[in-house]
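These notes are about the structure you will find just below.
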Amino acid sequence: MEAVLPHGHHAAPAGLWRWLASTNHKDIGTLYFWFAATMFLIGGLMAMLIRAELFQPGLQLVRPEVFNQLTTLHGLIMIFGVIMPAFTGFANWQVPLMIGAPDMAFPRMNNWSFWLLPVAGLFLIGSTLLPGGAVAGGWTMYPPLFMQGGISYDLTIFAIHLMGASSIMGSINIATTILNMRAPGMALMKMPLFVWTWLITAFLLIAVMPVLAGAVTMLLSDRNFGTHFFDAAGGGDPVMFQHVFWFFGHPEVYILILPAFGIISTVIPTFSRKPLFGYASMVYATAAIAILSFLVWGHHMFTVGMPAAAQLFFMYATLLVAVPTGVKVFNWVATMWRGSLTFETPMLFAVAFVCLFTIGGFSGLVLAMAPVDIQLQDTYYVVAHFHYVLVTGALFSIYAGLYYWLPKWTGHRADETWGRWHFWLSAVSVNVLFFPMHFLGLAGMPRRIPDYALQFADFNRVASLGGFVFGASQILLLIVILKCLRGGEKAEARAWEGAEGLEWTVASPAPYHTFTEPPEVK
Amino acid sequence: MNTTGNRRTSLRLTLLSAAMFAFGFALVPLYDVFCDLTGLNRDAAQALANNTQVDASRSVRIELVANVQDGALWRFAAPRLPVEVHPGELVRVEYELENLSDRPLVGRAVPSYAPLAAAAHFKKIDCFCFREQHLAPHEKVRLPVLFVLDRGVARDMKVVTLSYTFFALGKRT
């Protein structure tokens with residue numbers, strides 16, 4: 001390491017130390033993205049193995065207990081290791097650029113929030129090597145199963161603690177940055193929508209990650225220190241865990257999708273060459289979704305034993321979420337209405353998001369109805385639902401955002417031909433992969449089972465084939481990103497014709513330090 | 001840059017997250033308070049769980065069986081005599097497990113029932129089969145099972161067999 005860095009506009013320090021000790025929001029953003037990409041590869045390979053096992057009935061590739069470990073780890077890795085870090089990567093890169101701040105409010109804490117993650121990821125993946133294998137009780141960690149496992153269960157709890165601490169620190173940082181460090185003239189209601197959605201997400205994270213930490217701490221003390229929060233033998237109640245977990249879990253679902261709304265609300269106006277339709281209603285809809293998210297946790301547990309009054313309350317509250325979400329979908333479509341549309345790769349992913357996320361939303365409405373949910377709970381219908389909202393929803397918005405801001409980050413335009421191939425292969429195969437799961441679920445195929453009855457064979461084979469193509473298509477994204485880093489068509493400061501916002505006023509690639517003098521916002 | 005402002009905001013947010021951590025624990029008693037106040041979940045469903053009425057008019061003989069997969073490594077023994085239980089009564093029995101080898105062993109018991117129809121009424125409150133058993137060389141432990149045979153069990157079911165098979169875990173040799 002260079003001992004003393006010249007004060008002021010110095011270049012990035014070189015080598016490994018630049019990344020280990022970085023306090024620069026752009027470097028840390030990049031680290032978050034590469035971490036998410038690595039975990040995506042691992043979680044994705046697990047998904048491929050799951051689909052390969054389900055390609056035909058019977059047990060082919062993995063033993064049932066390994067299959068259970070695969071589904072559990074796949075869920076934990078994709079949620080805590082891929083979607084959340086990728087969105088935090090966007091926040092790190094874009095929030096300071098979009099509000100005209102020189103960096104995040106607490107750069108050193110920012111470094112800490114990132115470097116806790118690889119440790120947690122290592123624990124989670126390393127637990128597969130421990131005696132008894134990794135956690136196999138499902139990502140929701142329900143007792144009593146979760147209290148009966150081996151040492152890897154304790155390690156997983158520790159990993160969750162670390163990831164929770166990382167998220168809380170990251171969110172405090174992001175919320176403080178947004179609240180205190182906006183450029184002069186940028187009132188709250190002038191902030192780009194992506195910043196708004198992240199502000200609300202940060203508050204959700206600060207409110208519910210500690211509750212998850214509490215829930216897993218109670219599990220840990222039940223397992224090791226003789227308490228009986230959830231242990232029926234000592235007077236505890238396993239269902240209590242589900243209540244506490246889903247009090248975290250449902251806001252978590254919106255944590256995974258609100259930043260996606262922000263990205264889509266940025267991309268669609270750019271390629272429609274119109275301002276976002278209904279900006280204020282978008283802000284209020286986001287806030288409404290966030291508030292409602294605290295009132296609907298019971299819909300995850302309709303079948304565990306709940307009085308009819310509570311079932312009705314959770315059912316109506318859940319159906320109510322469709323109203324602000326509908327406002328958003330309406331606004332995106334209205335933004336495109338009579339716009340002068342072009343369909344570059346980011347826009348393709350954004351339009352696909354609007355269509356496919358809405359399918360996930362509709363199947364969510366179906367599941368929200370308690371009588372229907374009692375039929376469909378724990379079937380592939382649920383699997384289809386949450387993969388539509390998380391893959392074609394959250395993940396596609398991440399792709400849209402990547403293609404959209406890559407020119408700003410690397411200084412090179414992403415290869416449009418490769419990008420389109422990536423889009424079309426992904427968009428088609430993802431439907432081949434997940435759409436048949438609706439039919440499987442309606443026909444009664446249970447989730448988290450390595451083997452199935454013969455009548456499910458055909459749709460499973462179709463889904464597996466779609467899965468293999470979808471998995472392979474993601475290699476194209478890696479190629480696009482690597483090509484973009486190495487060179488390609490130079491991007492101008494305003495990389496897209498219709499792009500608005502402060503990030504497009506700085507050069508492409510964005511210099512190591514930006515907005516050391518705050519810009520004036522009119 | 002407004003450093004004091006940043007510090008104040010972050011302090012507030014940290015306090016908020018600490019409060020939410022405490023709230024997570026507080027949810028455990030709060031749910032109970034909420035249900036007491038509103039009367040939710042205090043009716044039939046709950047009464048079933050709290051049912052301590054014992055049907056003393058009849059009794060069922062529970063036969064206890066122990067099997068072990070690898071008898072050279074373990075000695076696994078059930079109580080010698082069957083127990084007579086009234087449906088609804090909380091019963092405790094103890095199995096015995098001994099590690100006969102010179103190395104530490106890990107294993108787990110898997111229960112089964114005969115007749116099969118009894119399984120739905122056999123409520124194990126606590127059982128050594130819920131957990132892996134770690135035994136030091138030549139260690140001997142007593143393993144309790146706490147169970148209730150609920151009152152729904154058919155009247156003509158006079159004998160129920162509870163059988164455990166003990167499996168060694170770890171690398172298969």
Could you check the spin-label model distance between residue A:334 and residue B:69? Points 7 Å from the Cα along Cα→Cβ, value in nm. 6.3 nm
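Take each of the peptides A:76-86, B:135-145, average the number of other beta-carbon atoms within 10 Å over its residues, and list them starting from the highest. Don't skip to the end; give the middle numbers.
On the way: A:76-86: 24.6, B:135-145: 14.1.
In descending order of packing, they fall as A:76-86, B:135-145.
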Estimated dipole of the protein assembly as shown in Debye, rounded to 20 [Cβ of Lys and Arg +1, of Asp and Glu -1, Cα centre]: 740 debye
Which of B:167, A:90 has the fewest other C-beta atoms within 10 Å, and how do the rest follow up to the most? B:167, A:90
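Report the extension gain between residue B:90 and residue B:106 in nm, rounded to one decimal, defined as 0.36 nm multiplied by the number of residues separating them, less their alpha carbon distance.
Full extension of this stretch gives 2.8 nm more.
Taking the mean number of other Cβ atoms within 10 Å as a proxy for protection, how do you rank A:131-137, A:254-260 from highest to lowest?
Working: A:131-137: 20.7, A:254-260: 24.9.
Final packing ranking: A:254-260, A:131-137.
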Sorted by chain and number, the residues with a modelled amide H under 5 Å from that of residue B:125, at a separation of 5 or more or across chains, are B:146, B:147, B:148
Here region A:205-210 yields Karplus 3J(HN,Hα) values (6.51, -1.76, 1.60; θ = phi - 60°; whole Hz; Gly and Pro given as x) of 4, 4, 7, 10, 4, x
How large is the convex hull of the C-alpha atoms of region A:17-240 per residue, in Å³? 144 Å³
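Only helical DSSP H runs with n ≥ 4 go in: add -39500 (n - 2.57) per run for the protein assembly as shown, normalise by residue count and round the 222 nm mean residue ellipticity to 500 deg cm²/dmol.
Values: 20 runs with 382 residues, N = 695.
When only DSSP H runs of four or more count, the value is -19000 deg cm²/dmol.
Stretch residue A:56-residue A:108 to full length: gain in nm at 0.36 nm per residue minus the Cα-Cα span? Kindly include the intermediate steps, with their values, before the conclusion.
Working: separation 52, 0.36 × 52 = 18.72 nm, distance 5.06 nm.
Contour length minus the Cα-Cα distance gives 13.7 nm.
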If each residue's Cβ is checked for other Cβ atoms within 10 Å, how do A:522, A:483, A:274, B:158 rank with the fewest at the top? A:522, B:158, A:483, A:274
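What ranking do B:129, A:484, B:35 get, fewest neighbouring Cβ atoms within 10 angstrom at the top? Let's see the in-between values first.
On the way: B:129 19, A:484 24, B:35 15.
Arranged by neighbour count, lowest to highest, B:129, A:484, B:35 become B:35, B:129, A:484.
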Shape parameters for region A:257-517, alpha-carbon atoms, Rg then Dmax in Å: 20.6, 67
Hey, if you put +1 on the Cβ of every Lys and Arg and -1 on every Asp and Glu Cβ in chain B, which of B:166, B:35, B:25 ends up farthest toward the positive end of that dipole? B:25
Treating the angle as unsigned and between 0 and 90°, give the value, to the nearest 10°, between the Cα long axis of helix A:308-336 and the longest Cα principal axis of chain A. 30 degrees
Rounded Å value of the spacing that divides the Cα centres of region B:1-34 and region A:201-274: 15 Å
Mind listing the Cα extents of chain B along all three principal axes, in Å, largest one first? 77, 50, 22
Charge dipole of region A:17-240 about the Cα centre (unit charges at C-beta), most positive-ward option of A:142, A:215, A:106: A:106
Using θ = phi - 60° and the Karplus relation 6.51 cos²θ - 1.76 cosθ + 1.60, list the HN-Hα couplings for region A:225-238 in order, rounded to whole Hz, with x at every Gly or Pro. 10, x, 7, 9, 4, 10, 9, 4, 5, x, x, x, 9, x
How high is the FRET efficiency between residue A:41 and residue A:366 when r is their beta carbon distance and R₀ equals 30 Å, given to the nearest 0.05? 0.35
Can you bin every Cα-Cα distance in region A:422-466 into 5 Å intervals starting at zero and give me the percent of pairs per bin, rounded to whole numbers? 5, 22, 29, 23, 9, 7, 3
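If R₀ is 22 angstrom, what is the calculated FRET efficiency for the pair residue A:375 and residue B:114, using the beta carbon separation as r and rounding to 0.05?
Numbers: r = 33 Å, r/R0 = 1.49.
Efficiency computed from Cβ-Cβ geometry: 0.10.
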With everything on Cα atoms, drop me the angle between helix B:3-38 and the longest principal axis of chain B, reported from 0 to 90° to the nearest 10. 40 degrees
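Report the FRET efficiency, 1/(1 + (r/R0)^6), for residue A:513 and residue B:4, where r is their Cβ-Cβ distance and R0 is 35 Å, rounded to 0.05. Could you put the intermediate results ahead of the total?
Values: r = 23 Å, r/R0 = 0.66.
Given R0 = 35 Å and the Cβ-Cβ separation, E is 0.95.
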How large is ³J(HN,Hα), in whole Hz, for each residue of region B:129-144 in order, when computed from phi with the Karplus curve 6.51 cos²θ - 1.76 cosθ + 1.60 and θ = phi - 60°, using x for Gly and Pro? 6, 6, 10, 6, 10, 9, 10, 6, x, 6, 6, 10, 10, 9, 10, x
Label points 7 Å out from Cα along the Cβ direction at residue A:187 and residue B:141: separation in nm? 6.7 nm
Debye log10 I(q)/I(0) for the protein assembly as shown, one point scatterer per Cα, at q = 0.06, 0.07, 0.09 Å⁻¹: -0.39, -0.53, -0.85
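Summarise the partner chain shielding of A:169-177 as one whole number: the mean count of Cβ atoms from other chains within 10 Å of each residue's Cβ.
The mean count of partner-chain Cβ atoms within 10 Å per residue comes to 4.
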Can you give the extra length, in nm with one decimal, that the chain gains between residue B:38 and residue B:12 once fully stretched, where that is 0.36 nm per residue apart less the Cα-Cα distance? 6.0 nm
Between 0 and 90°, nearest 10: helix A:457-486 axis offset from chain A longest Cα axis: 20 degrees
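Looking only at other chains, what is the average number of their beta-carbon atoms within 10 angstrom of each beta-carbon in A:201-212?
Mean partner-chain Cβ count within 10 Å for A:201-212: 4.
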Alpha carbon centroid spacing (whole Å) that separates region A:330-350 from region A:35-90: 32 Å
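Determine the shielding of peptide B:23-33 by partner chains: average, over its residues, the number of Cβ atoms on other chains within 10 angstrom of each Cβ.
Working: counts 7, 15, 7, 1, 8, 11, 0, 1, 6, 2, 0.
The shielding value for this peptide is 5.
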Residues with amide H under 5 Å from that of residue B:66, placed H, sequence gap 5 or more: B:78, B:164
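Treat region A:28-112 as a sphere of radius equal to its Kirkwood radius over Cα pairs and apply Stokes-Einstein at 37 °C in a medium of 0.692 mPa s; give the translational diffusion coefficient in µm²/s, rounded to a whole number. Working shown, then result.
On the way: Rh = 14.7 Å.
So the translational diffusion coefficient is about 223 µm²/s.
Every read-out reported here was derived from the displayed coordinates using simple, explicitly stated rules and does not represent laboratory data. Everything numeric in this text was worked out from a predicted model, so none of it was measured. Reconstructed Cβ throughout: ideal geometry from the backbone, glycine too, with neighbour counts over all protein chains shown.
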